[in-house]
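Structure record follows, encoded as structure tokens.
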Amino acid sequence: RVAGGMAPVMIVHGGNDSEVPPPQALRYRDALVRAGIETRFLEVPDAFRAVEDWWPHQWFYKDQVVDWLSERLELHEPAHTPYRDERLTKDIAYGAYEAADGGVEELLLDAWVPPGEGPFPAVVLAHGGGWEAGDRVTYLTPIFEPLARAEFAWFSIDYRLTPEHRHPDQLDDLRRSIRWVRHHAAEFRVDPDRIAVLGESASGQMVAHLVNEACDGRPDAPDPVDRESCEVAAAVSFYGVYDFLPMVKDASPRSLLVRLFDHRGFDDEGRRLLRRYSPLYHARGDGPPLLMLNGTNEFLWEQGVAYAQALKDVGADVELYRLDGAGHGMESWEGRPEWKGYKEKLVSWLERKLSPATTLTEPGATP
């Protein structure tokens, strides 16, 4: 279908795409060139099929795509953001860590705050990606707008990724983000007593792990942010991992034992580590209320059922919302009328759990 007169085309393709092998994309490029179409081909080495799964060292393609589009559309300044500029603030540093080269790297988040005086309830958002991929504008995008329309402030965070960093670092980053939001509550017109945390897939496990433990501030910390509590008033986990044990069969380089914990033996200590970070074995009855959302057509559905039951058994305030026939990932739920109700459920549940009357009750109580 290539024909002369077509608009310029930029092709961005993963070098390790097994569904559409790179030679197929190259044949398309060659056909465009033969037809005299201005064509740019950018192969991203070792990248798989889905762009949202590409790793940070492969993100160089983003600037090249923006530059290519800007030249052809004569754009010199950003012309559009998802919401009005005064409500969306990007690239805010909420923490820092020492990089491998001895330098300092910042941890970043994007913040959206409703108009008005507030104080508003807030939701800290952590993306999924198998603990190794994604960033603050991937995977979670379908819920940005529903939360904004319902007048929740939201803070979408980056956190350190494997294999360069390990799982305890990631949990520290999530804790830090909550402390940071609480410390800056007045600046962002947020109610520090009405903060929720939300994760999906890998970060669903992180959220569930976090709320199973006390998260007090450290009064003697030199950084005032670290003196803040990272307890939350509510938590949401989409299709999280709640039990690592059935997912690990060895200590190969791609094993979760190695990637998350740098443990290179499938032994008793390895199993102890996996159990230590599996929320299923640490259900907390007096923790914040938890909403779990899960499609039934994926391997993590049974884990969701088991974890919800474990929480109920200890008297926790938990609800499991099921999407019949849905697979993994809220992005795959878009455009499917039978599954769209999850957005309304998410908003109504958060409104109930983060209402001033609710947050003044005892933890886990239903007003």
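The values are calculated or read from the model by the stated rules, or taken from the named source; none is laboratory data. This one's a predicted model, so the numbers in the text were calculated from it and none came from an experiment. Note that each Cβ is placed from the backbone with ideal geometry, even for glycine, and that neighbours are counted across all protein chains shown. Just so you know, the surface numbers come from the protein's heavy atoms only, side chains and all, with ligands and any DNA or RNA stripped out. Shrake-Rupley method; radii C 1.70, N 1.55, O 1.52, S 1.80 Å.
Assorted remarks:
- Pairs linking a residue in segment 309-333 that is part of a strand (DSSP E or B) to a residue that is at pLDDT 95 or above and among the charged types (D, E, K, R), with Cβ atoms under 7 Å and 6 or more positions apart or on different chains, are 318/312; 321/345.
- Residues of segment 9-29 satisfying the condition of being open to solvent by less than 60 Å² (accessible area, probe 1.4 Å), out of contact with any Pro (no Cβ under 9 Å at 6 or more places or on another chain) and either in a strand (DSSP E or B) or farther than 30 Å from residue 330 by Cβ (or both): 9, 10, 11, 12, 26
- Segment 233-243, residues that are under 17 Å from the mean Cα position of the chain (by Cα) and either of a type outside the set (Val, Ile, Thr) or assigned to a loop (DSSP other than H, G, I, E, B) (or both): 234, 235, 237, 238, 239, 240, 241, 242
- Screening residue 187 on (1) touching an Asp or Glu at 6+ places or on another chain (Cβ under 7 Å); (2) more than 27 Å from residue 342 (Cβ to Cβ) shows it passes everything except condition (1).
- Test for residue 96: is it over 29 Å from residue 289 (Cα atoms), at pLDDT 90 or above and either open to solvent by 60 Å² or more (accessible area, probe 1.4 Å) or not small (Gly, Ala, Ser) (or both): yes
- Some residue of segment 111-120 being crowded, with 23+ Cβ neighbours inside 10 Å, in contact (Cβ under 8 Å) with a residue 60 or more places away in the chain and more than 27 Å from residue 337 (Cβ to Cβ): yes
- Qualifying positions in segment 294-323 - of a type in the set (Lys, Arg) and either over 22 Å from residue 244 (Cβ atoms) or surrounded by 16 or more Cβ atoms within 10 Å (Cβ to Cβ) (or both): 322
- Residue within segment 49-57 that is open to solvent by 60 Å² or more (accessible area, probe 1.4 Å), modelled with pLDDT under 95, out of contact with any helix residue (DSSP H, G or I) (no Cβ under 7 Å at 6 or more places or on another chain) and part of a loop (DSSP other than H, G, I, E, B) present: yes
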